[in-house]
Amino acid sequence: MTGESVHGEAGAAEAAASFDPLRPLLIRVAYRMLGSVADAEDVVQDAFLRWLGTDRSEVREPAAFLRRTVTRLCLDQLKSARRTRETYVGPWLPDPLVEEEEADDVTLPLMLALERLSPLERAAFLLHDVFGVGFDEVGATIGRDAAATRQLAARARSHVREARPRYKLEKEQGMEIANAFFAASRSGDMSALGALLAADVGMWADGGGKRPAAMGPVLGFDTVLKLHRSLAVLFGKYGSTLVHLGLINGLPGFVTREADGELQTTALEIEDGKVTGIYVMRNPDKLKHMH
């Protein structure tokens, strides 16, 4: 073995030793920016390759350096993602993340609100408001001065204010409602299901053109109940098995295995004890990481 390859291996091991403890945080940043688990993992791997090629003795704060690298890679990616999103079949939802505990208050509705922001607003808001990064560092990351960065974050904040949970839902209560929703929707007990729904409930299902799903949002109590009445007939005939009850993108929900053998996630937005939003992921490409 040559001295050079020994040195290379030692360098790679040393780079990995400093990078790996930061990987979970970096994946969280990338996922919050992109809404895709696979893309977040790719970006973080790309950041690691750059870390390998960096003179690490010059880097005073690896966490800040790597967060900056990951954010910039995400910004590049978002520019091309916008074009792909325009041709997406049906409603787009972020990849479902099944979490044991809430990591932060970035719930699914907030991630959808982030989608409507410009990439720079999204980066400023996430880095400052969610990950607690100071405006000077955020500005250095996105190539803007601190004042412009403050403005980007403020603009983002006013756009997403409505999507942030107004009060904390007790996890236990959320799980009870999710469990009751699963039981009523699968058994066809429409009066029990109706008792759980808010008058202005909305439902979004992401099939990505790969599996049957409503092509647009289903809005209002009567429409949502009518859809569930017809779905219950299918569940009764073909079955739907509960795999897991837990938090999905910070919301109470459940994972099921459907009649076609594929997984599906259902996340419920709940306010004042009533379900206001139902988010169903059916696109198999976005469920791969859960197998």
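Using θ = phi - 60° in the Karplus curve 6.51 cos²θ - 1.76 cosθ + 1.60, the 3J(HN,Hα) couplings for segment 276-291 round to 9, x, 10, 10, 10, 9, 10, 5, x, 5, 8, 10, 4, 5, 9, 7 Hz; x is entered for Gly and Pro. DSSP bridge analysis restricted to the chain gives an antiparallel fraction near 80%, rounded to the nearest 5.
Once the Cα-Cα distance is subtracted from the 0.36 nm per residue extended length, the K226 to R116 segment shows a gain of 36.6 nm. For segment 113-178, the set of chymotrypsin sites (Phe, Trp or Tyr not before Pro) satisfying both a DSSP loop assignment and a count of at most 14 other C-beta atoms within 10 Å is given as Y167. Across the chain the C-alpha pair distances fall into 10 Å bins from zero in the proportions 6, 26, 30, 21, 11, 4, 1, 0 percent.
Near the amide H of V243, within less than 5 Å, lie the amide hydrogens of V255, T256, R257, all on another chain or at least 5 residues away, with H placed in the peptide plane. Applying the Kirkwood pairwise sum to the alpha-carbon positions of segment 1-87 produces a hydrodynamic radius of 13.9 angstrom. Computing FRET efficiency as 1/(1 + (r/R0)^6) for A13 and H289, where r is the C-beta to C-beta distance and R0 is 35 Å, gives about 0.80. Here is the list for segment 26-91: trypsin sites (Lys or Arg not before Pro) lying in DSSP coil, each with at most 10 other C-beta atoms within 10 angstrom of its C-beta, are R60. Could you name the lysines in cross-link range of K288, using Cα to Cα under 27 Å and dropping any fewer than eight places away on the same chain? Those lysines meeting the cut-off are K79, K171, K210, K237.
Computed from phi, the 3J(HN,Hα) profile of segment 122-132 under the Karplus parametrisation 6.51, -1.76, 1.60 (θ = phi - 60°) reads 4, 5, 4, 5, 5, 5, 7, 7, 9, 9, x Hz, with x in place of Gly and Pro. Choose one of P252, G174, T223: the residue whose Cα lies farthest towards the positive end of the charge dipole of the chain (beta-carbon charges +1 Lys, Arg; -1 Asp, Glu; about the Cα centre). Working it through, the farthest residue towards the positive pole turns out to be T223.
3J(HN,Hα) along segment 217-226, derived from phi through the Karplus expression 6.51 cos²θ - 1.76 cosθ + 1.60 where θ = phi - 60°, amounts to x, 9, 10, x, 3, 5, 5, 5, 5, 4 Hz, with x in place of Gly and Pro.
All of the numbers you see were taken from the coordinates with simple rules; none came from a lab. The shown structure was predicted, so the numbers you read here are calculated from the model rather than taken from an experiment. When we count neighbours, we look across all protein chains shown, and the Cβ atoms used for this are built from the backbone with ideal geometry, even at glycine.
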